[in-house]
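First the structure, in the form of structure tokens, and then the observations on it.
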Amino acid sequence: MLSTLGAPWIWNLATEHFPDAPQIVDRFHAKQHLSEVSKAIWSAASEACQTWAQARHDELDAGDVAAVLGALSVHAAQVEEARQCVDYVTTNRDRMRYADFHAAGLCTSTGVAEAGCKTAIGTRLTRTGMHWTVAGADAIIALRCCKPSGRFEAFWERRAERSRPGHLAPGRPQRSLHGRGSPTPEPHFPDVRPRGGLRLLESGPGARAVGESAVPPRPLR
């Protein structure tokens, strides 16, 4: 699933790299467009402005794109913002079937993903005085994502299992969540020294990551 704004270049990239993924225009971004149109039609502080915008928002939530387009078309000839919004909604019509998306259990707002990135990644990598190499940031990001996903212990158990004699070599086909017969990708963790931050112990049976603080690990040279 890809949920984002309605810029054409974004959808071009999405179609190129994820052709089978459902595409969804961020619902609150679409509502913002309708609110701007309402302000252009009516006085921003008027009750008519709020009533018109709320009606369009409700139609959008219900997936009634035809009703939204009908209401916009009434003003399209006189109000430029309404004409532009008609084009916007028409272009993204299939990406605004919010009732269908909700029924399928899909999220229609990018706010959830943005908050997740801030909570899981931003708060760990952007603390005062932190500087990261790409490899070091990738390692910490992978571990941070394992923790809120409930896969932290499972990752280290799997890592220890794979280090035992007789286990399939990395990259050999094996059953995974990514498809039958596909290798399970592993985050790359460079060797790091304990400096009060998250410490990666030597690889092998029982390898663990312990502790976490505002001091970043430093890669061995």
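The values are calculated or read from the model by the stated rules, or taken from the named source; none is laboratory data. From a predicted model like this one, the values you see are computed outputs, not experimental measurements. FYI the Cβ positions are ideal-geometry reconstructions off the backbone, even for glycines, and counts take in every protein chain you see.
Evaluate the range 141-150: report whether one residue or more is out of contact with any Ser or Thr (no Cβ under 8 Å at 6 or more places or on another chain), loosely packed, with under 14 Cβ neighbours inside 10 Å and free of Cβ contacts under 8 Å to residues at least 24 places away in the same chain. Within the range 141-150 (the criterion being out of contact with any Ser or Thr (no Cβ under 8 Å at 6 or more places or on another chain), loosely packed, with under 14 Cβ neighbours inside 10 Å and free of Cβ contacts under 8 Å to residues at least 24 places away in the same chain), the answer is yes, since at least one residue qualifies. With respect to (1) within 26 Å of the chain's Cα centre (by Cα); (2) surrounded by fewer than 15 Cβ atoms within 10 Å (Cβ to Cβ); (3) not hydrophobic (A, V, I, L, M, F, W, C), the lone exception for residue 95 is condition (2). Here is the figure for the range 1-27: residues that are under 17 Å from residue 69 (Cα atoms) and either over 15 Å from the mean Cα position of the chain (by Cα) or at pLDDT below 85 (or both) total 1. For the range 70-88, the count of residues that are surrounded by fewer than 17 Cβ atoms within 10 Å (Cβ to Cβ) and under 30 Å from residue 145 (Cα atoms) is zero.
So which helices (runs of 4 or more DSSP H) are wholly in the range 1-77 and hold at least 2 residues that are closer than 13 Å to residue 96 by Cα? Where helices (runs of 4 or more DSSP H) fall fully within the range 1-77 and carry at least 2 residues being closer than 13 Å to residue 96 by Cα, they are 27-41, 47-61, 65-76. Checking every residue in the range 106-127 against the condition of being touching a Phe, Trp or Tyr at 6+ places or on another chain (Cβ under 7 Å) and more than 20 Å from residue 7 (Cβ to Cβ) gives at least one match. Considering 71, 115, 48, 67, the condition of being farther than 18 Å from residue 31 by Cα and among the aliphatic types (A, V, I, L, M) is satisfied by 115 alone.
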